[in-house]
Amino acid sequence: MDITTAIALTLGAAWASGINLYAACFMLGFMGATGSMELPPDLQVLQNPMVMIAAGFMYVCEFFADKVPGVDTGWDAIHTFVRIPAGAVLAAGAMSGVAPEMQLVAGLLGGTLAAGTHFTKAGGRVLVNTSPEPFSNWGVSLTEDLAVVAGLWTALHHPLIFIGLIVLFVALMIWLWPKLWRGIKRVAARIRQLFSSEKPEAPGPGV
């Protein structure tokens, strides 16, 4: 694997982990097991049948949890402690075979990218959940799933294009964060207002 593909795989694994970790692990394992690509040594464990079964099972769980407004936000909150460190591990594993300091750098950058992607996804879903109909939630969730598959495929077959897309994604992500934060604060304020509103007192006798 040349250095450009290794960098694209590092970025792709971290980016995809922040969106859907289990789909990313299954996709990488499937491509390795079918000979579509040769995984770096530290990532070859993903093509183990037991690992693929576990990743596939968890993906099915996430597929349904991610389609239910409110449940998806709770799922994202729990996975703050899963996606970010896993993104760092996968990014470091994609650079296996190079100097240890380069693996450490890849892990740090991968964890940061996974965190940014995860919080952007989670924040966006909070706002999407304010829609009264479920179809927008389903559409966003399916788009995320397809993006993981298409993104990893692009990273492996067209690494330079993927690296360019990641640069654009990071720029868009930074631009979106203030807007997402303001939107989340408005949603939180409405929820607080809903639960803190006092019921009007009933009029007394003779009034």
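The values are calculated or read from the model by the stated rules, or taken from the named source; none is laboratory data. Quick caveat: nothing in here was measured; it's all calculated off a predicted structure. Reconstructed Cβ throughout: ideal geometry from the backbone, glycine too, with neighbour counts over all protein chains shown.
Can you tell me how many residues within region 57-80 are in a helix (DSSP H, G or I) and under 24 Å from residue 116 (Cβ atoms)? Don't jump to the end; show me each part of the working.
Going residue by residue through region 57-80, those that are in a helix (DSSP H, G or I) are 57-65, 71-78, 80.
Now drop any that are not under 24 Å from residue 116 (Cβ atoms), which leaves 58-59, 62-63, 65, 71-78, 80.
So the answer is 14.
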- Query: Do any residues in region 9-28 that are of a type in the set (A, V, I, L, M) have Cβ atoms under 8 Å from those of residues that are not in a helix (DSSP H, G or I), where the two are at least six apart or on different chains, and which pairs are they?
  - Reply: 9/1; 9/40; 21/79; 28/39
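Take the residues in region 156-174 that are more than 18 Å from the chain's Cα centre (by Cα) and either without any contact (Cβ under 8 Å) to a residue 40 or more places away in the chain or surrounded by 14 or more Cβ atoms within 10 Å (Cβ to Cβ) (or both); name whichever of them is nearest to residue 116 (Cα to Cα). Give the steps one after another, and end with the answer.
Going through region 156-174, the residues more than 18 Å from the chain's Cα centre (by Cα) turn out to be 156-161, 164.
Add one more test, that the residue is either without any contact (Cβ under 8 Å) to a residue 40 or more places away in the chain or surrounded by 14 or more Cβ atoms within 10 Å (Cβ to Cβ) (or both), and what stays is 156-159, 161, 164.
Details: 156: 22, 157: 24, 158: 23, 159: 21, 161: 21, 164: 17 Å.
My answer is 164.
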- Message: I'm told residue 72 meets every condition in (1) surrounded by fewer than 21 Cβ atoms within 10 Å (Cβ to Cβ); (2) under 15 Å from the mean Cα position of the chain (by Cα) except one. Can you identify the failing condition by its number?
- Response: (1)
- Task: Sort out which residues of region 10-27 are of a type in the set (S, T, N, Q) and within 8 Å of the chain's Cα centre (by Cα), and write them in order of number.
- Result: 17, 20
- Task: Mind listing just one residue for me: the one in region 175-186 that is surrounded by fewer than 16 Cβ atoms within 10 Å (Cβ to Cβ) and aliphatic (A, V, I, L, M) and, of those, nearest to residue 62 (Cα to Cα)?
- Result: 184
- Task: Return only the number of the condition from (1) hydrophobic (A, V, I, L, M, F, W, C); (2) in contact (Cβ under 8 Å) with a residue 12 or more places away in the chain; (3) under 17 Å from residue 114 (Cβ atoms) that residue 140 does not satisfy.
- Result: (3)
- Among residues of region 82-110 being of a type in the set (Val, Ile, Thr) and assigned to a helix (DSSP H, G or I), the residue surrounded by the fewest Cβ atoms within 10 Å (Cβ to Cβ) is 82
- Condition broken by residue 4, with the remaining ones in (1) surrounded by fewer than 18 Cβ atoms within 10 Å (Cβ to Cβ); (2) free of Cβ contacts under 8 Å to residues at least 60 places away in the same chain; (3) over 18 Å from residue 146 (Cα atoms) satisfied: (2)
- Query: For region 29-56, which residues satisfy the criterion of being touching a residue at least 12 places away in the same chain (Cβ under 8 Å), assigned to a helix (DSSP H, G or I) and among the hydrophobic types (A, V, I, L, M, F, W, C)?
  - Reply: 30, 31, 33, 43, 46, 51, 52, 55
- Item | One residue from 113, 104 being of a type in the set (A, V, I, L, M, F, W, C) and in contact with a Leu (Cβ under 7 Å, 6 or more places away or on another chain) | 113
- Message: Testing residue 125 on (1) at pLDDT 90 or above; (2) under 16 Å from residue 18 (Cβ atoms); (3) out of contact with any Gly (no Cβ under 7 Å at 6 or more places or on another chain), one condition comes back false. Which one is that?
- Response: (1)
